[in-house]
Amino acid sequence: MYSQLYFDYNATTPCTKEVVDAMLPYFHKDFGNPSSSHHPYGWLANSAVEDATVSIAKDLGVDSSSLVYTSGATESINMIFKGVASNLQSKGKHIITTKAEHKAVLDTCAFLEDDGFEISYLEVNSDGLISLEALQKELRPDTILVALLYANNETGIIQPLEDAAKLTHSNGSLLFSDTTQALGKIDLSKIMDLVDFACFSAHKVYGPKGIGLTYIKHNKNYEGLPSFIQGGGQQKKQRGGTLNTPCIVGFAKAIELTSKDFEKEKLRLESLQNKLEEGLLKIELAISNNKGKQRLPNTVHISFPYVDGTNLLTALSRKIAVSNGSACNSASVEPSHVLSAMGVERSLAYASLRFSIGRYTTESDIEKAVEIVTNVVAGQREQNILWERR
């Protein structure tokens, strides 16, 4: 077992024992291919997939036929953007998103720009929120898709999706929201009614890595997405390939477990979140990048002036697992694009950390984390001549 405290739940979560136990039979006992329709091995696997899909749909409050399994949210995002672009380019080639989206969205938009699509990137304010007036101004007759990250993976800030949906749909455009971080942390029942597309990853909710979901709302004015991966015609010909039965079963179990004690766990996380934030903000000059905002109940984002961010992260890594941004962008030497979009000064953005807590975080963990960070920041500042001369 690692000695570090784990404060990086937004990057990934541990797969719970109940989820692993639910998956195991489909690796070695009921191992059949769910597309094998001529013998019991296939029938059992197919039945497991169908039961899991019904369970997930029930927990999300959607129709089971609106769900397509993928390898994760990144694939789902590619599937949605490229599918809408392919289907609706005769109507228009204009897409609207924000500068604070996950890199999976921004990189897919860059790909489409190279293919002749026009992308409008909405600014966000210092709170990380879009301007509805700016969205309305950008909407055009040829706007085919609006993409808004519901809960930001770095700051946890929640966008005003209800108002954005009204503007988008009144323009005749489709709305996609990356709901990956929101699953299991905030109620999505109303959100699923607002969006035309959404995406999820199991490993964010104590399920296995390598399995995700694309949600495609049934719309009489829109024919749905074209086949994204060809080969076998699985999943109503929208994504070919052998279905990952064990991980699908695990995904369903993970969502089921998350749904059981949802309100109780949400309150527990909020209490721990507040305690963590209060403790970290006692560090001299520390700044919260999401305090007081509508946000996820598990995410604290703090900047520590007069500290070198790389050295801080290296020093902390011996005792606590934290992040300076999205795990999908960890190779970048640039400051967080989310903080940059929020107007956070470059040197301060480098010295910022995301703390994300989860199911196995305890009050004792919070106390230890605050003590560790306080001491490490103090040690880093002692080596900074600017701190002495502040």
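Quick note: the coordinates plus some simple rules give every number you see, no bench work behind them. Small disclaimer: the values here were computed from a predicted structure and weren't measured. Every residue, glycine among them, receives a Cβ derived from its backbone with ideal geometry; neighbour counts consider all protein chains shown.
Read phi for every residue in the stretch 200-215 and hand back ³J(HN,Hα) as whole Hz from Karplus 6.51 cos²θ - 1.76 cosθ + 1.60, θ = phi - 60°, with x for Gly and Pro.
Calculated HN-Hα couplings, in order: 8, 10, 5, 6, 8, 10, 6, x, x, 6, x, 9, x, 9, 10, 9 Hz.
For the chain, modelled as a GNM with alpha-carbon contacts under 10 angstrom, which of R359, R318, R140 fluctuates the most?
Largest GNM mean-square fluctuation: R318.
Using modelled backbone amide H atoms (1.01 Å from N, in-plane), which distant-in-sequence or interchain residues come within less than 5 Å of V124's amide H?
When sequence neighbours closer than 5 places are left aside, the close amide H contacts are K99.
Scanning the chain for helices, which whole DSSP H stretches are 18 Å or more long along the axis (Cα) and average -1.0 or more by Kyte-Doolittle?
Taking the DSSP H segments of the chain (at least 18 Å long, mean hydropathy at least -1.0), we get 40-60, 73-88, 245-260, 363-382.
For a quick check of your reading of the filter: which trypsin sites (Lys or Arg not before Pro) in the stretch 1-105 sit in a DSSP loop and have no more than 12 other Cβ atoms within 10 Å?
In loop regions of the stretch 1-105 (DSSP not H, G, I, E or B), the sparsely surrounded trypsin sites (Lys or Arg not before Pro) are K29.
With label points built 7 Å along Cα→Cβ from the Cα atoms of K58 and H38, find their separation and express it in nm.
It works out to 3.4 nm between the two label points.
Report the residue, chosen from E265, E50, E284, that carries the largest GNM mean-square fluctuation when the chain is represented by alpha-carbon nodes joined by springs under 10 Å.
In this elastic network of the chain, the residue with the biggest mean-square fluctuation among E265, E50, E284 is E284.
Once the piece of chain linking H169 and K237 is laid out straight, how much longer is it, given 0.36 nm per residue of separation minus the C-alpha distance between them?
21.7 nm
When only Cα pairs under 8 Å and 6 or more residues apart are kept, what is the percent relative contact order across the chain?
23
Would you list which aspartates and glutamates come within 20 Å of K253, measuring only between C-alpha atoms, while excluding same-chain residues fewer than 8 positions from it?
Here the aspartates and glutamates satisfying the reach criterion relative to K253 are E18, D21, D30, E50, D51, D59, D63, D187, D261, E263, E265.
Give me, ordered by chain and number, the residues 5 or more places off L174 or on other chains with an amide H under 5 Å from its own placed amide H.
It is L145, V146, by chain and number.
Which whole-Hz ³J(HN,Hα) couplings does the stretch 174-184 yield from phi under the Karplus relation 6.51 cos²θ - 1.76 cosθ + 1.60, θ = phi - 60°, glycine and proline marked x?
8, 10, 10, 10, 6, 9, 4, 6, 6, 4, x
Quick check on my link table: of K99/K282; K209/K237; K82/K217; K103/K236, which ones sit more than 19 Å apart, alpha carbon to alpha carbon?
K99/K282; K209/K237; K103/K236
Taking the beta-carbon count within 10 Å as an exposure proxy, list D59, D178 from fewest neighbours to most.
Taking fewest neighbouring Cβ atoms as first place, the list is D59, D178.
Out of the chymotrypsin sites (Phe, Trp or Tyr not before Pro) in the stretch 26-114, which ones are loop residues according to DSSP with at most 14 other C-beta atoms within 10 Å?
Answer in residue order: F31.
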